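Heads up, the thing below is written out as structure tokens.
FYI, it's all coordinate maths here, none of it is from the lab. A quick note: this is a predicted structure, and the numbers were derived from the prediction, not measured. Please note: Cβ atoms are built from the backbone with ideal geometry, for glycine as well, and neighbour counts cover all protein chains shown.
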Amino acid sequence: MNDRALLLNPTFGEASRSVAGADADLIVGDMLVDIKTTKNNTIKTEYLNQLLGYFLLARKQGAVDPTLPIIHRIGIYYSRYGHLHSVEASSWTNHPAFPETEHWFFGKIEKLNPRFTP
């Protein structure tokens, strides 16, 4: 774990460029954090889907860029409430459908952007 890592607005190389330049809000240590400034501090499906996308992009980029921290935790920070909700990334990666989901995700990107090679 890299407790010293602090990346503001990190991108994920070619994987990010292939999806219109997707970038996350923050990587701190081994945690990928999305910052939400919303009226309610509820976890919505679309927030988790967005974070999953960033997580998959980070995994892909991490395979070719050893300077990118390995993500072990995922978090949503609700800025109006000063509340961080975080979970272990293993709650996703240990799920039996995770490999298939990751494969589907990058297959979808490849169909949308033929220059991208997973």
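For the range 6-112, a crude dipole built from +1 on the beta carbon of Lys and Arg and -1 on the beta carbon of Asp and Glu, taken about the Cα centre, is about 320 debye to the nearest 20. A dipole drawn for the chain from +1 and -1 charges on Cβ atoms has a positive end, and of ASN113, LEU32, HIS72 the residue lying farthest that way is ASN113. With a simple spin-label model that places each label point 7 Å from the Cα along the Cα-to-Cβ direction, the separation between ARG80 and LEU48 comes to 2.2 nm. Once the Cβ-Cβ distance of ASP30 and GLU100 is raised to the sixth power relative to R0 = 30 Å, the FRET efficiency obtained is 0.75.
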